[in-house]
Each structure stands twice: as structure tokens, then as C-alpha cells.
Amino acid sequence: MRKSIFTTIITTFITIQGFGQIQCDIKNHFEDFISIQKSTYNKNDYLIKRVVETKRKSCFSDLINSNTMFIHYLLTNFSSNINYQNLLQLTDSISLKNAYLVDLKNDSLFNSTMTELASKTIDMKIPKDSVSMDKLLNVAVKYFSIMRLTDEGHYVGKVCVGLNDIKKTESVRKPFIEAFSFASIFKHYQSDEFSMYDEFVKSIKELYKVNLGIDKEERLLRAQGAMFLLMRNNENLKKVLKTEYEKQKEYLPFILSDK
């Protein structure tokens, strides 16, 4: 009888422990992988926010360390800068870090984005999205931007985490697709295997083969649209996205479908 009661107690304890497990609450550990510091350039102060690999082993460490650029993109594009000027006034590095982390923990957009990421990749509480290559390319091509025309009529191109054509072309933002696309392109921007820089230059040279307009603004707009289509059909860009997906898919919140 005593053995039966003891077994029941043990079983109940294990059951309670199993259902009482705490989910991976990533938002309470931002200080483990996010840093901030103040720097000065041309007598102007500005803040540098970084995502770094975490040495502390936790439920989210593999997710962070697998692709810090992915997380950095989310931090740059899906967090608020509402207190930026107030943070700039802080002279002590520790006070700056503490104040920034408080702001970040109260940032509803960044918190919801990171929580969704953890829920789809670590906790598995939410099913991963299904994304086609067409939808992936639709976002990826927006990072190859024709920024302006020089006085001599030359195109000036740029691939940038903040300055791109996403906001101008996508009414509904897709944080994870954006972050993956940019991180993949940035990783292979000048890699020996793919060199998206070379592909970008080749596409810019293609633009000169067609007269896209006399008016400078119209020509620039047409050039940007043509660049999207040129990169949409770029085989190396497709290979970059497929290659990086296979490497990162365990920690990505979406599944790349064949459709």
C-alpha cells in the first residue's frame, strides 16, 4: 500500500513538473546578446546597437548564435527609437546600457517579434509559416537599391540594412522573411562562392543598355523597377537563398516550399 502511494506521489510530481516547465522567455535575456554604445563621427554623437554571440548556454543561445545578422536586422527594423535622443544624453556606458535595455523590454513591437520567433523555432507552440521561393525573391530583390543618379548620369547602387525599398513597396511587413533575405545577401555579398556584389554590378551594367528616360527622376524610378526584375531572375540569388535556408532552417520560423 505504501509503495503504491509513493509511486502515485512520484508520478504526480513528474506530471506537475512536466506541465510546469517555463517556456523560453527570450525577452528577459536581451542583455545576453544585445549591446549598445555611443560613438562620435564628425563631431556628431550616435548610437551603435549590436547583436553578439552569447556565451551563456540557454534555450535561445543556439538560435542567436546561428545567425546574429538575422537578429540584428530585427533589432534595427522592428524596434522603436522613440528614446534615441534621451539615450544620447547619457555619458556613462553602464547607464546607457541599462536604460536601453529597459526601453527594449518595454518595446511591444520588438517583444512580439522575438516572442513569435521563439514560439515558432524553440517552443514550437506556433506552426512555422510556409513561404514560396517567389515570395522570398519578392522581398530579397528589394535590397538591391539604385539610390541615385550622379550628375554624369551614372547609377549609384547600395545594399543596406536600413536604406532599402521595403517600406516603399510592401504594405504588409514580413519581419522574418526580410531578416533572412538580408542576412543571406549580406553574408554572400563578397563571398567567393556567390559574390552578390558582382551580380549587382553586372545588373547595373545591364541598365545602361536601355534608355530609361530623359527626366532624371523618371529614369531613376524605371531603373529601380528594372533592377528588381533583373535580380528576380538572377540564379545566384536563388542559390544563395536556398543554400542559407538549408543551413539555417532549424532556427527559421518558416518552411521554404516548392510552390
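Among Leu237, Leu96, Pro127, which residue has its Cα positioned farthest towards the positive end of the charge dipole of the chain, with +1 placed on the Cβ of Lys and Arg, -1 on the Cβ of Asp and Glu, and the dipole taken about the Cα centre?
Pro127
Roughly how many nanometres apart are two label points built 7 Å out from the Cα toward the Cβ at Tyr41 and Leu149?
Modelled inter-label distance: 2.8 nm.
For the chain, give the share of DSSP beta bridges that are antiparallel, in percent and rounded to the nearest 5; count only bridges with both residues there.
Around 75 percent antiparallel, to the nearest 5.
Please work out how much length the chain gains when fully extended from Arg173 to Lys125, using 0.36 nm per residue of separation minus the C-alpha to C-alpha distance, in nm with one decimal.
Length difference between fully extended and current span is 15.1 nm.
Measuring from the lowest to the highest alpha carbon on each principal axis, how far does segment 23-121 reach, largest first, in angstroms?
Computed over the Cα atoms, the extents are 43, 25, 21 Å.
For an R0 of 41 angstrom, estimate the FRET efficiency from the Cβ-Cβ distance between Ser132 and Ile94 and round to the nearest 0.05.
Efficiency at R0 = 41 Å is approximately 0.30.
Quick check on segment 129-257: of the DSSP beta bridges with both residues there, what percent are antiparallel, nearest 5%?
If I count the DSSP bridges inside segment 129-257, around 50 percent turn out antiparallel.
Once label points are set 7 Å from the Cα along Cα→Cβ at both Asp25 and Asn86, what is their separation, rounded to one decimal in nm?
Computed distance between label sites Asp25 and Asn86 equals 2.4 nm.
Rounded to the nearest 500, what is the chain's calculated 222 nm mean residue ellipticity when only DSSP H runs of at least 4 contribute -39500 (n - 2.57) each, over all residues?
Calculated at 222 nm, the ellipticity per residue is -15500 deg cm²/dmol.
Output the Cα-based Rg and Dmax of segment 129-257 in Å, rounding Rg to one decimal and Dmax to a whole number.
Radius of gyration, then largest Cα-Cα span, for segment 129-257: 15.0, 49 Å.
Could you work out how far apart the two model spin labels at Asn236 and Ile255 are, taking each label as a point 7 Å from the Cα in the direction of the beta carbon, and quote it in nm?
Calculated label separation equals 3.2 nm.
Got a sec? How would Tyr197, Tyr143, Tyr208 order by Cβ neighbour count within 10 Å, fewest to most?
By the 10 Å Cβ count, ascending, the order reads Tyr208, Tyr197, Tyr143.
Kindly point out which whole DSSP H helices in the chain project their C-alpha atoms 15 angstrom or further along the helix axis while averaging a Kyte-Doolittle hydropathy of -1.0 or above.
Taking the DSSP H segments of the chain (at least 15 Å long, mean hydropathy at least -1.0), we get 2-19, 93-105, 108-121, 175-187, 196-207, 216-232.
What Cys residues in the chain are without a partner cysteine, judged by a Cβ distance under 4.7 Å?
For the chain, the answer is Cys160, because their Cβ atoms have no other cysteine Cβ under 4.7 Å.
No value in this document is a laboratory result; all are computed from the given coordinates. Since the model is a prediction, treat every value here as computed from it, not as a measurement. Neighbour counts run over all protein chains shown; Cβ positions are idealised from the backbone, glycine included.
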